[in-house]
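Note sheet for the following structure.
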Amino acid sequence: MPDPQTHAPTSQPDSGLILGAVFCLLAATAWGTTGTAATFAPDVPAVAIGAAAMGFGGLLQAAMAAGGIRRHAASLKAQLPLLLAGGLSVMIYPLAFYASMRLAGVTIGTVISIGSAPLISALIENRFDGIRLTLRWTSGAAIGIAGMALLAMAEGTGHVIPDNVPLGVLLGLVAGATYAHYSWAARRMMQRGLPSRTAMGAMLGVGAVLLMPVLLATGAPFLASAQNLAVGLYMALVPMFLGYIAFGAGLARVTTSMATTITLFEPVVAAVLAVLVVGERLPPMGWTGVGLIIACLLWTTAPLPKRRARRRA
């Protein structure tokens, strides 16, 4: 799941671009393992998995940003409604995301959650920032919606049968919407002068605090076995903590559009691991839906080639 930082990096030599791409790829790979990792703790409720991952991971992010949070306390207080609204979305996002994967399967849950977020983000920006929806975005949205429809209609086969695909798809859309909202809220706070690490650390910290009661109420199964506890620790330390550190290092070296395009590798990792490790099987209709959603993301986020200027006679 990608971090919505917005600072544009300065130009770097080719070696810096390559290193930045590697960092982004590492982040996408870490995020793509979450669904498969969750299947190794089947007795732990999906809400507990989400609360542990984003809760403890968010607390670690807030701890890293503690200095900036103290220095910018007045600015954070002035933007308290935006901070709290974003923190609420941070709380809802993992609960919906992991429940979606539990109900619809790792592949469908991940692709719907990741695939819907950029489309919903554009609608939020259009509504609140006045950013016009382009023909490119509209055509990409049509491709993405078609892909999500195919995934929703596809039924998994194999020894792992999704519990409730339609409800899982709905929760995936909720996950995409809440991710889009807290991404927009974080960008708005950055545009008002907060450093990206401070804005994200504060927002993730608020979400983590809100998730603690959920974890206390549902997280007892984590203590039932060493395997369950290991899954919870892995979720917090690798995808949420190390994954975001790697992505931040990538953003320092490559453009935001390039970083976003590279992290589209996440649903690919999730789908491959779901097939190879979990035992999920998607019919051709489902794989066609996956392909259409990835095509939508590439089409709507990849930079267009620049036209060469005509030489004057």
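The numbers here are math on the coordinates, done by the rules we state, and not lab data. What you see is a predicted model; the values in this text were computed from it and never measured. Cβ coordinates were reconstructed from backbone atoms using ideal geometry, including for glycine residues, and neighbour counts include every protein chain displayed.
Charging the Cβ of each Asp and Glu at -1 and of each Lys and Arg at +1, and nothing else, the dipole of the stretch 14-301 about its Cα centre rounds to 940 debye. With an a/c value of 1.5 or above and a/b not larger than b/c for the gyration tensor axes a ≥ b ≥ c computed over the alpha-carbon atoms, the stretch 99-141 is described as oblate.
The ratio of the alpha-carbon radius of gyration of the stretch 30-133 to the globular-protein estimate 2.2 N^0.38 Å is 1.28. Convex hull volume of the C-alpha atoms in the stretch 14-301, normalised per residue: 128 Å³. Scalar couplings 3J(HN,Hα) for the stretch 104-116, obtained by applying the Karplus form with A = 6.51, B = -1.76, C = 1.60 to θ = phi - 60°, are 9, x, 4, 5, 5, x, 5, 5, 5, 5, 6, x, 7 Hz; x denotes Gly and Pro. Among 218-224, 109-115, the peptide with the highest mean count of other Cβ atoms within 10 Å heads the list, and the full ranking is 109-115, 218-224. Taking θ as phi - 60° and the Karplus parameters 6.51, -1.76 and 1.60, the scalar couplings of the stretch 41-53 work out to 10, x, 7, 8, x, 4, 5, 5, 4, x, 5, 5, 5 Hz in sequence order, x denoting glycine and proline. Using the Karplus relation 6.51 cos²θ - 1.76 cosθ + 1.60 with θ = phi - 60°, the per-residue 3J(HN,Hα) values for the stretch 82-99 come to 5, 5, 5, 5, x, x, 5, 5, 4, 5, 6, 3, x, 5, 6, 5, 6, 5 Hz, with x marking Gly and Pro.
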